[in-house]
1. Working only within the stretch A:62-78, note down all residues that are within 16 Å of DNA strand D (Cβ to nearest atom) and not polar (S, T, N, Q).
2. Confirm whether B:I177 is outside the structural domain of B:I127 (by TED's automatic domain parsing), open to solvent by less than 10 Å² (accessible area, probe 1.4 Å) and modelled with pLDDT of 95 or more.
3. Is the stretch B:35-45 home to any residue that is within 16 Å of DNA strand D (Cβ to nearest atom), outside the structural domain of B:A307 (by TED's automatic domain parsing), more than 22 Å from A:L118 (Cα to Cα) and β-branched (V, I, T)?
4. Within the stretch B:52-74, can one find any residue that is small (G, A, S), in contact with a strand residue (DSSP E or B) (Cβ under 9 Å, 6 or more places away or on another chain) and within 18 Å of A:K112 (Cα to Cα)?
5. Please specify each residue of the stretch A:68-97 satisfying the condition of being closer than 22 Å to B:M139 by Cα and facing chain B (nearest Cβ under 9 Å).
6. What are the residues in the stretch A:100-120 that are among the charged types (D, E, K, R) and surrounded by 23 or more Cβ atoms within 10 Å (Cβ to Cβ), if any?
7. So, of the residues in the stretch B:1-16 that are charged (D, E, K, R) and not in a helix (DSSP H, G or I), which turns out to be surrounded by the most Cβ atoms within 10 Å (Cβ to Cβ)?
There are 2 protein chains.
Amino acid sequence: MATEPRPLTLRDVSEASGVSEMTVSRVLRNRGDVSEATRTKVLEAAKALGYVPNKIAGALASQRVNLVAVIIPSLRNMVFPEVMSGISRELEETDLQPVVGVTDYMPEKEEKVLYEMLSWRPSGVIIAGLEHSDASRAMLKASGIPVVEIMDTDGTPVDCAVGISHRRAGRMMGRAILKAGYHQIGFMGTKMPLDHRARKRFEGFTEVLAKEGVEIMDREFYSGGSALAKGREMTAAMLERTPELDFLYYSNDMIGAGGLLHVLDQGIDVPGRIGLAGFNGVELLDGLPRRLATMDACRTEIGRRAARIIASRVADPDAPVESVVELTPTIDFGDTLERS
Amino acid sequence: MATEPRPLTLRDVSEASGVSEMTVSRVLRNRGDVSEATRTKVLEAAKALGYVPNKIAGALASQRVNLVAVIIPSLRNMVFPEVMSGISRELEETDLQPVVGVTDYMPEKEEKVLYEMLSWRPSGVIIAGLEHSDASRAMLKASGIPVVEIMDTDGTPVDCAVGISHRRAGRMMGRAILKAGYHQIGFMGTKMPLDHRARKRFEGFTEVLAKEGVEIMDREFYSGGSALAKGREMTAAMLERTPELDFLYYSNDMIGAGGLLHVLDQGIDVPGRIGLAGFNGVELLDGLPRRLATMDACRTEIGRRAARIIASRVADPDAPVESVVELTPTIDFGDTLERS
DNA sequence: GTGAAAGCGCTAACAC
DNA sequence: GTGTTAGCGCTTTCAC
């Protein structure tokens, strides 16, 4: 028996069941009234044949696509899988489905991915960040579908935004550190042109220090490689170079954890001699010898809220919308930010 | 000026440029010969209008969809983002695009996700594991598109498979441990009904030990929570319970790292008094105080090879195919597997 | 409760 | 090099 290369169509189910295509379609979509008898006939035929509906044709005919485009910089940074899981969980309540596109932090790739996704005419877009190329912003505006920019609220959204203010987060951490009595502060993070949110945190941070007449004493930026190892290396180098430092602020928890491991290895008193803090509240790191001070960026919640906005606007295009939802991150002092 | 709610169509571009729809379509797809003059006219009109083609209509008309469905258990386990990046990098050479579906390790959800994705008529499927429900296998078979089952080669693929033999991996590690002189062995891992590959490694592992008359002395399984913290807790509990253990084999690197941190904290001599090994070669952990012995599961390579198979079969349906590509993992002894 | 006709926006195939 | 025609497989609309 040769395999049938042609995929099955509604017509095949119609013929197999002796019911019109139209009614078969109704049964398969649970739409309109269909008698129990024909309903079973149709479902049996469909199952027996192994029919899988063709959403392409369905979408074209109905002008509706139950997909939500989610555009994020990376899947390897744990932050985004967490946002994704918030989105998925929320969309599971609806008949919408998330589809992920990854930009690798590159504006040109973002543009390309966005174009590709929009060409499938999704019901909505969730996209990380507020910084996009002009072309990307134009596409988003012209798409006519709900767009939620996530993670960040420092800027003007195309449509609406859900996130935290990274500038504010930087300020909060700066204040907490000063208040604990640290003044000789070093900073380590990713190369920032790539990462607007890290940049904004840094700006908020230095702003608060400046107000108290404190300046960052040393700084170092990295890109690529294992973050844990990088954190170790950079920390070792920085303490060598600037031994008087009494606090190290890291732009993410992974390098912070690397730094923490180095400092503990050296037998340095934490947080007495040196305090440390990171950013993101990575659960992954819960088993470390000490809990790194950090700040929760509300990742899952951001995903949920963004998805909820899309869902409500799909259900009712005139639903009222807050254009910016700013969540409030909280500092977790852990074991590395308190003068003994 | 009211915003136009209707998305633009080819016809709009055609009218704006004074060129027939067909020729506009040709320009936009770079197909067939079009004079330079009309080409520019069309491109200008399209750009000016902000036209984004409708792939749904295109796919329906051409019966071709340049999507590859990638179905994986989770995005939060670093293994899968790594596989994804292998897939993406390979597909970037083609005009195919990956689309991810997540099953949360649940067969019923796998079935649902698979059905949803197949209903978009993708050009191929890459799916994790060889264990699927009958319905899922039936769908895959009936789809008539190339299907690559990844990660695992211990079993019979629907179409073809790329991965490693986890049974063999378990055996390799078992042999290495015995050869190093350890005999009092404890095992920690995920609850296995969820995780076939971990189960197979465990089976291979115990099989080799049994041959030498060695039996696992203690074992513990977990699910959920921070793996690092779990590894710590389980290790503490197990060493308390069974202090004579001289080796701890973990089903993944994260819990292994937790165990390692605990053991080092206790000032236990590693690998003299106790050896440890994990599985997966997680780069993330590179900055730990000691490098955990582990085994590379060839994740990126698996992604690349799988994508390459799909791409070649899309280009030529009769392309020759090896039905099973078994890659060979290598043991990395790190600093935790060698008798001093 | 069910069916027939028209068409969603694009492309294949062919004509010119 | 460019245009015309006929569908892709569904759903909408309306008639029965």
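1. If the condition is that a residue be within 16 Å of DNA strand D (Cβ to nearest atom) and not polar (S, T, N, Q), then A:R64, A:V65, A:L67 are the ones that fit.
2. yes
3. Yes - at least one qualifying residue is present in the stretch B:35-45.
4. The answer is no; no qualifying residue exists.
5. A:Q97
6. Of the residues in the stretch A:100-120, the ones among the charged types (D, E, K, R) are A:104, A:108-112, A:116.
Matches in the stretch A:100-120: A:E110 only.
7. B:E4
Let's see how each residue does on (1) under 30 Å from B:L96 (Cα atoms); (2) in contact with a Lys or Arg (Cβ under 9 Å, 6 or more places away or on another chain):
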site	(1), (2)
B:M238	no, yes
B:T242	no, no
B:F247	no, no
B:H262	no, yes
B:I268	no, no
B:I302	yes, no
B:S312	yes, no
B:D316	yes, no
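The values are calculated or read from the model by the stated rules, or taken from the named source; none is laboratory data. The structure presented is a predicted model; accordingly, all values stated were derived computationally and were not measured. With ideal geometry, Cβ positions are generated from the backbone for all residues, glycine too; neighbour counts draw on all protein chains shown. Keep in mind that these areas ignore ligands, DNA and RNA; they rest on the heavy atoms of the full protein, side chains included. Shrake-Rupley method; radii C 1.70, N 1.55, O 1.52, S 1.80 Å.
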